[in-house]
Amino acid sequence: MIEGARLDGKVMVTGGAGYIGSHAVLALLDAGYQMVVVDSLVTGFAWAVDPRATLVEMAVEDPQMAGVIAEHGVRAIMHFAGSVVVPESVSDPLKYYRNNTAATRSLIESAVATGVPHFIFSSTAATYGTPARVPVAEGDPTVPINPYGWSKLMSEAMLRDVAAAHPLNYGALRYFNVAGADPQGRSGQSTVGATHLIKIAVEAAIGKRGGVGVFGTDFDTPDGTGVRDYIHVSDLAAAHVAMLEKLVAEPTASHTYNVGYGRGFSVNQVLDAVDRVTNLTIERRYEGRRAGDPAALVADNRAILAALPWRPGRDDLDTIVADALAWERRLAERA
Ligand code: UFG
């Protein structure tokens, strides 16, 4: 914790019943914060919210939001709620501009109206589009290549402008490829119809699907498959707590940080890790490229490492895969 920084009220976590949000709830609880979770439960699950947190089933743009903020004495908002499927954002862009951009505008308005001083926003490496260089740094050009990335970049712009006009500071965290699950087995990626590589691979490992399609073998990468910076969801959640403490300690400064480990693994390297961890040979079907996939996306994470006391604790591909697998088995037992 940054010396002297303590929030004088509760944290509101929107989307706290979802994958990343539920892990942020755990990290905040473990750090001693009190919180209220707001989630519409359209894609999230009430059971994913730790019972020590209060759950309000509501959309973030609900007219009652300001009342909920005031009633609970909220002094910081972590905003995870939103839509996250990149191909869907291409086929239904207005859903993304509604659920991400417009809903965030409404939430920021509620925050300003009630005098909430700190705001942490779930942003994404998709704001860079096809990065100008790898690793990509926060000051590099942001030219999204899909509506999802634009919907998040527009939200970043609103926060920048609002922080200049009102007494509110913010942290925008640009996530790279989030994977894994709570090491204590309290939460994990539970969304049905997964599209993310590690989730798909562990589903294959437990027999939920026959194998894994490898989307593209002719990228300009060492083995021709796409390279990504996979970060453990618990490390990502911890970064939010560290970000909050900086915003509280230094209330006039706002920040935008990449959150990744700063190193990339190819699709084949990920599938090798899954084979190693499971002692299986999961079938790989080599297919053509998926539309809109950049060859490589890796974080330059020097800014966050310099600014926050945050240090990755589970920066190991096999650990990420093992935690994802353990959660997938729990989910299968639950079903
Ligand atoms: N991949 C496969 N087979 C699959 C699924 C994925 O080969 O079945 C490949 C992809 O082509 C890519 C890599 O695995 O090379 C990772 O793909 P994911 O779908 O897991 O993740 P993305 O990199 O596409 O998406 C992530 C975030 C998004 C964000 C995007 C920015 O999950 O929220 O990065 O590019 F928008």
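The values are calculated or read from the model by the stated rules, or taken from the named source; none is laboratory data. Source: prediction; values computed, not measured. Glycine also receives a Cβ, built like all others from the backbone with ideal geometry; neighbour counts cover every protein chain displayed. For accessibility, only protein heavy atoms count, side chains too; no ligands or nucleic acids. Shrake-Rupley method; radii C 1.70, N 1.55, O 1.52, S 1.80 Å.
Listed conditions (1) farther than 23 Å from Asp92 by Cβ; (2) in contact with a Lys or Arg (Cβ under 8 Å, 6 or more places away or on another chain) are all met by Ala163, apart from (2). Those residues that are hydrophobic (A, V, I, L, M, F, W, C) and over 15 Å from the mean Cα position of the chain (by Cα), I need them from the range 146-165; list them, please. Result: Trp150, Met154, Ala157, Met158, Leu159, Val162, Ala163, Ala164, Ala165. Can you spot a residue in the range 237-253 that is of a type in the set (S, T, N, Q), within 16 Å of the ligand (Cβ to nearest atom) and more than 18 Å from His196 (Cα to Cα)? Checked against the condition, which is being of a type in the set (S, T, N, Q), within 16 Å of the ligand (Cβ to nearest atom) and more than 18 Å from His196 (Cα to Cα), the range 237-253 yields no hits at all.
A quick yes/no check of all residues on (1) closer than 26 Å to Arg52 by Cα; (2) at pLDDT 95 or above; (3) assigned by TED's automatic domain parsing to the domain that holds Gly288:
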{"position": "Gly188", "(1), (2), (3)": "yes, yes, no"}
{"position": "Ala201", "(1), (2), (3)": "no, yes, yes"}
{"position": "Val212", "(1), (2), (3)": "no, yes, yes"}
{"position": "Phe219", "(1), (2), (3)": "no, yes, yes"}
{"position": "Pro222", "(1), (2), (3)": "no, yes, yes"}
{"position": "Ser234", "(1), (2), (3)": "yes, yes, no"}
{"position": "His240", "(1), (2), (3)": "yes, yes, no"}
{"position": "Leu247", "(1), (2), (3)": "yes, yes, no"}
{"position": "Ala253", "(1), (2), (3)": "no, yes, no"}
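For Ala70, indicate whether it is of a type in the set (Gly, Ala, Ser), assigned to a helix (DSSP H, G or I) and without any contact (Cβ under 8 Å) to a residue 60 or more places away in the chain. Yes; evaluated as a whole, the condition is true for this residue. Screening the range 243-266 for residues that are of a type in the set (Val, Ile, Thr) and open to solvent by 20 Å² or more (accessible area, probe 1.4 Å) and picking the one that is farthest from the chain's Cα centre (by Cα) gives Thr252. Restricting attention to the range 166-182, the residues being more than 15 Å from Val202 (Cβ to Cβ), in a loop (DSSP other than H, G, I, E, B) and in contact with an Asp or Glu (Cβ under 8 Å, 6 or more places away or on another chain) number 1. Checking Ala125, Ala181, Ala132 one by one, the residue that is in contact with a Lys or Arg (Cβ under 7 Å, 6 or more places away or on another chain) and either open to solvent by 20 Å² or more (accessible area, probe 1.4 Å) or small (Gly, Ala, Ser) (or both) is Ala125 and no other. The set of residues from the range 301-335 being open to solvent by 50 Å² or more (accessible area, probe 1.4 Å), under 12 Å from Ala239 (Cα atoms) and among the hydrophobic types (A, V, I, L, M, F, W, C) comprises just one member, Leu305. Any idea which of Val90, Val112, Val11, Val86 is open to solvent by 40 Å² or more (accessible area, probe 1.4 Å) and touching a Leu at 6+ places or on another chain (Cβ under 9 Å)? Answer to the selection: Val112. Restricting the range 204-236 to residues that are assigned to a helix (DSSP H, G or I) and within 16 Å of the ligand (Cβ to nearest atom), the residue that is surrounded by the most Cβ atoms within 10 Å (Cβ to Cβ) is Val233. Within the bounds of the range 153-169, is there any residue that is of a type outside the set (Ser, Thr, Tyr), assigned by TED's automatic domain parsing to the domain that holds Ala76 and within 12 Å of the ligand (Cβ to nearest atom)? Yes, some residue in the range 153-169 is of a type outside the set (Ser, Thr, Tyr), assigned by TED's automatic domain parsing to the domain that holds Ala76 and within 12 Å of the ligand (Cβ to nearest atom).
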